[in-house]
Amino acid sequence: MSQSAPPPGRRPARLAWRLFLLFVLVALLPLALTDWLASIATTEVATRLSVEHRRATTRHTSRQVLDRMLSGKALLAAQGEGADAQLPAGLGRVFSHVVRLGDKRATSWPAGQADELLLAWSQARSGLDGTEAAALPFETELRVDYSLPTQPRVMLGAYRNSKLAWLAVLDGAYLWAPLADAGAEAAWWVRDGDGRLISLFAGEDYTLQQEGRPAPTEFIETRAGLFLAGELRAGQWEFTQRSPREPVLWRGASLALWLAGVAAAALLAIATLSHWRIRLALEPLAQLTRVTRRLAGGGAGSARVEIRRDDEIGELAEAFNDMAARIETQFDALAGLATIDRDILAGAPFERVVGHALQRIAARYPGACAMVAWRDGAAGLRQAWLAPRIDATRLVLNDRFEPGADGFARFAAIAEDVQRIAAEGGEPPCGALAPCLRNAGLDRAPVAVLLPLRHEGATVALLGLGLEAPLAEEALQPAREIRDRLAVALAARMRDHELVYRAVHDSLTGLTNRYGLQMRLDALLAGLGESGRMALVSIDLDRFKNVNDTMGHAAGDELLCAASQRLQACVPAGAVVARPGGDEFIVLLPDADETTATGVTSLALAALSRPFALRGVEQALGASAGIALAPQHGRERDELMRCADIALYAAKDGGRGQHALFDADLDRAARDRVVLQAELRHAIDHAEFVVHYQPRVQPGDGRILSAEALVRWQHPQRGLLFPGAFIEVAESAGLIDEIGLCVLDAACAQAAAWRRAGLALQRVSVNVSPRQLVAGNLPEVVAEVLARHQLPCGALELEVTESLLMNDPGNARAQLAVLRQRGVTIALDDFGTGYSSMALLHKLPIDVMKVDRAFVAGLGVDDGAMAITRAIVTLARSLRMHLVAEGVETEAQAEMLRSLGCDELQGFLYSRPVAAPEFERLAGLPRGGAARLTVVSG
Ligand code: C2E
Ligand code: CA
Ligand code: CA
């Protein structure tokens, strides 16, 4: 699971932050706005008040200056016209200079400055025009002298009788003292009506402020006019006061600071409160998220939230817990079913599946008792139960009952009738199940529910539940699901059993098959140990092929079944009877020695030799057997089977219906066969076969009429070998087809060569093995060879044996009929030795009968042989067949056969089989002809 969901707690609490920021913002805006408004309003009010106040101060200060000037005026007016040289004392406090203008002289203080002052006076300005002043009898006039480079001087002149009597300069310190008194922060400008500066005063703090501040602070300027025309005959003065605006303070701190402080405190309070409140609201959400994750992850631990609240969140938590409980139950159920499913898929034993199923039931139906009973084999019943009220161990697995046939019937009936019984409310049915129900305590449960498990239409198991009270249909659903799982498991188990059974058993006879035999044999050999022993008997039905060929495969199958039953009936308990294939049976006899093994084998062969009644026909078969013993003959499976096979061959060689015990000599013979097979293969590849020809002569004059082609093997080490040394092995090894073709080809080539050379033979006969007809294409093969050598069909004779015509492999008769129709002569070789029914003979596709050597040899010696030969000759005559006698060694035999009426004679009396050149010499072919011959043998 690689989902991108981060682990709980990693993702920042974004909702909380957003809410928090929102709250703080919402609080911050009005706070800031009110703060701003309040500070603006108060500053405005404060400024207005301050301006009022300054205005009043300015006015007041200008009046004070006026008062001082008026004091000067009064002081001058109070001076008489005294002629004393001494100036009156006390003026010095108000004036800096005083000049008294007596009649002729002027006295000044400080002395000697009268002229200078008078000059200054005359040049100074009053601010009014002179006419106005002259009209008054006595007046004091004020003038400002701007002539000095320093501060202008304010002069007072007092007239007496229109004459200037006193002239004084008001002391600057005295006159402007009110400006200084008005405050150290202010600066003052005093100007006359023309705007000329009379006095400038800057308080200490003001100067400091001006210097220390890079930017000019806000200042308040107030003006006040001083009307001097009335009292002092001067123009109007203007006082300007300029002082810094005062900050609005409360308890020593600026109001703005106070407001900001209050706003900050309010904000802090809001933030804290909202944080607390948001946490309170969102914490449950976080918990829900955590628990939901845990639930989704299916992790351990309970997925419940601990939220007890009486609001919507509390409700949500409750609903969540309900849901989590349901989901957990579902998960639990699924996990339980998954365990069972895993068991099924893993092919766990059914008992284990049942164990898990009962655990599920215990979890799903607490306190309930339960049991599963299932069929085990033909008459067994197995049970597992859960009995919480009876048994402390609770779960008991694997108890077996043998209820018998009746019990089973009951078992099935119970299962079929569960519904009906439930509906009728009758007593729980017991029968075979009584002990099962009792074990689980189901018989005492107030409510018992039985659920059948069905497989292929039959009830094969029961799931029983014992409950305290009836359950709703829906509540039984989990039990049904478990039942269904059990049914699947049981079906799988049955199928497995069946597969295993089929894998190791033969479907026809029900006996152990080759694979099963291997397993049983391996197991027996593995358990043999030091002192253990066993016997393996290989049994082969004799002449089974005859039945199969003449009566068809169905009859053959019937026969095999009957034979297998006889075998099973005569082997001791514990023996294994197997059919590895065909008509071959193997009996494993555990713990059997030679005596026991031969005893059992004799019994088995006797049983098999009794005729079988097949479709109303009695068939006598018989069987041969080979016995191998472990550990004497081998401890390995293949070795032991090979030994038994060799012994079986030996038994067959020794005549059918016998058994043989393996011995080392047999093994040697078998090994020789293997070597011979390999050499034969080599011989085919290296064209080591040659063909000799034996003449067949006319009885009267001995003239050569035809020849029989007989194969020989030019063995590289052993010299020339005769067919008796290798034909049988070649047949059993499946090599005769190729060898036969070689011979056919060589014989046809030779016949064609002889024809071309002028050797007049009626036919050349070639022996055909039954195996060569199995493929079913002999007519085509023959036609191809004849065509290749440009030999007419009439020049070829094929010799077949009676068994071939009786067993009819590959539809042999039909093939021979085709060949015969084309002109090829068919001869019945070794006639008289086989089992041919005389009655059938005339239906067979044959032209020539060859009387077997055995009868010829008996002529003149054995009367029976004479009688048989005579009968054969008579038969052949009546069937209008050409008759050939072989093995003629004496003149007497020849004479007798001639007198009986044989058409051709063959035997050492005339010639042994000889190579082609020799044959040509016998036949009297001119020498030139022979030189052209080439004998082809491959
Ligand atoms: P067969 O078809 O009965 O062949 C006749 C056998 O009798 C030959 O033995 C022959 O040498 C032998 N014989 C002929 N005249 C006399 C006689 O006067 N006295 C005695 N004692 N024996 C005589 P051979 O060549 O050893 O062949 C043995 C058997 O091998 C044949 O019996 C035949 O069944 C089989 N055979 C030979 N050549 C072939 C072949 O090319 N193909 C097949 N399938 N079988 C062959
Ligand atoms: Ca022959
Ligand atoms: Ca023969």
Among the residues listed as ARG898, ARG912, the single one being open to solvent by 30 Å² or more (accessible area, probe 1.4 Å), within 15 Å of ligand 1 (Cβ to nearest atom), in contact (Cβ under 8 Å) with a residue 60 or more places away in the chain and within 17 Å of GLN698 (Cα to Cα): ARG912
Close pairs (9 angstrom Cβ cut-off, 6 or more residues apart or separate chains): basic (Lys, Arg) in the stretch 278-291, part of a helix (DSSP H, G or I) anywhere: ARG279/ALA16
The stretch 608-621, subset closer than 20 Å to SER538 by Cβ and open to solvent by less than 10 Å² (accessible area, probe 1.4 Å), residue modelled with the highest pLDDT: LEU608
Tally of residues being under 20 Å from GLN821 (Cβ atoms) and crowded, with 18+ Cβ neighbours inside 10 Å across the stretch 748-763: 2
Selection status of GLY336, in a helix (DSSP H, G or I), at pLDDT below 85 and not aromatic (Phe, Trp, Tyr): yes
Matching residues, the stretch 351-409, being outside any strand (DSSP E or B), at pLDDT below 75 and under 35 Å from the mean Cα position of the chain (by Cα): none
Lone unmet requirement of (1) within 13 Å of ligand 1 (Cβ to nearest atom); (2) under 25 Å from LEU819 (Cα atoms); (3) out of contact with any strand residue (DSSP E or B) (no Cβ under 8 Å at 6 or more places or on another chain); (4) open to solvent by 50 Å² or more (accessible area, probe 1.4 Å) for GLY724: (2)
The stretch 246-263 residues that are exposed (fewer than 13 other Cβ atoms within 10 Å of the Cβ), paired with ones that are not hydroxyl-bearing (Ser, Thr, Tyr) (beta carbon under 7 Å, 6 or more apart): TRP250/TRP258
Neighbours by Cβ (under 6 Å, 6+ apart or cross-chain): first from the stretch 558-581, within 13 Å of GLY510 (Cβ to Cβ) and open to solvent by 10 Å² or more (accessible area, probe 1.4 Å); second assigned to a loop (DSSP other than H, G, I, E, B) and of a type in the set (Asp, Glu): ARG579/ASP506
Scan of the stretch 894-915 for residues that are away from ligand 3 (no atom under 15 Å from the Cβ) and not in a loop (DSSP other than H, G, I, E, B), ordered by number: ALA894, GLU895, MET896, ARG898, SER899, LEU900, VAL914
Lone qualifier among VAL781, VAL848, VAL861, VAL884 - being among the aliphatic types (A, V, I, L, M) and under 60 Å from the mean Cα position of the chain (by Cα): VAL781
Test: residue in the stretch 76-87 that is closer than 22 Å to PHE227 by Cβ and modelled with pLDDT under 90: yes
Criterion (open to solvent by less than 50 Å² (accessible area, probe 1.4 Å) and over 30 Å from ALA554 (Cβ atoms)) met by exactly one of ALA503, ALA526, ALA479, ALA472: ALA479
Pair list, Cβ < 7 Å and 6+ apart or interchain, from the stretch 726-743 residues that are not assigned by TED's automatic domain parsing to the domain that holds SER765 to residues that are open to solvent by 10 Å² or more (accessible area, probe 1.4 Å): none
Failed item in (1) in contact with a Pro (Cβ under 6 Å, 6 or more places away or on another chain); (2) not assigned by TED's automatic domain parsing to the domain that holds GLY225, with THR42 passing the rest: (1)
Residue, surrounded by the fewest Cβ atoms within 10 Å (Cβ to Cβ), within the stretch 698-707, restricted to residues that are away from ligand 3 (no atom under 16 Å from the Cβ) and in a strand (DSSP E or B): LEU705
Qualifying residue in the stretch 883-890 (condition: touching a residue at least 24 places away in the same chain (Cβ under 8 Å), touching a Phe, Trp or Tyr at 6+ places or on another chain (Cβ under 9 Å), open to solvent by 60 Å² or more (accessible area, probe 1.4 Å) and assigned to a loop (DSSP other than H, G, I, E, B)): yes
Test set (1) under 21 Å from SER911 (Cβ atoms); (2) within 8 Å of ligand 1 (Cβ to nearest atom) - ARG755 fails condition number: (2)
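The values are calculated or read from the model by the stated rules, or taken from the named source; none is laboratory data. Note that the coordinates shown come from a computational prediction; the quantities given were computed from them, not determined experimentally. Glycine gets a Cβ as well: all are built from the backbone with ideal geometry, and neighbour counts include every protein chain shown. To get the accessible areas, we keep the full protein, side chains included, count just its heavy atoms, and leave off ligands, DNA and RNA. Shrake-Rupley method; radii C 1.70, N 1.55, O 1.52, S 1.80 Å.
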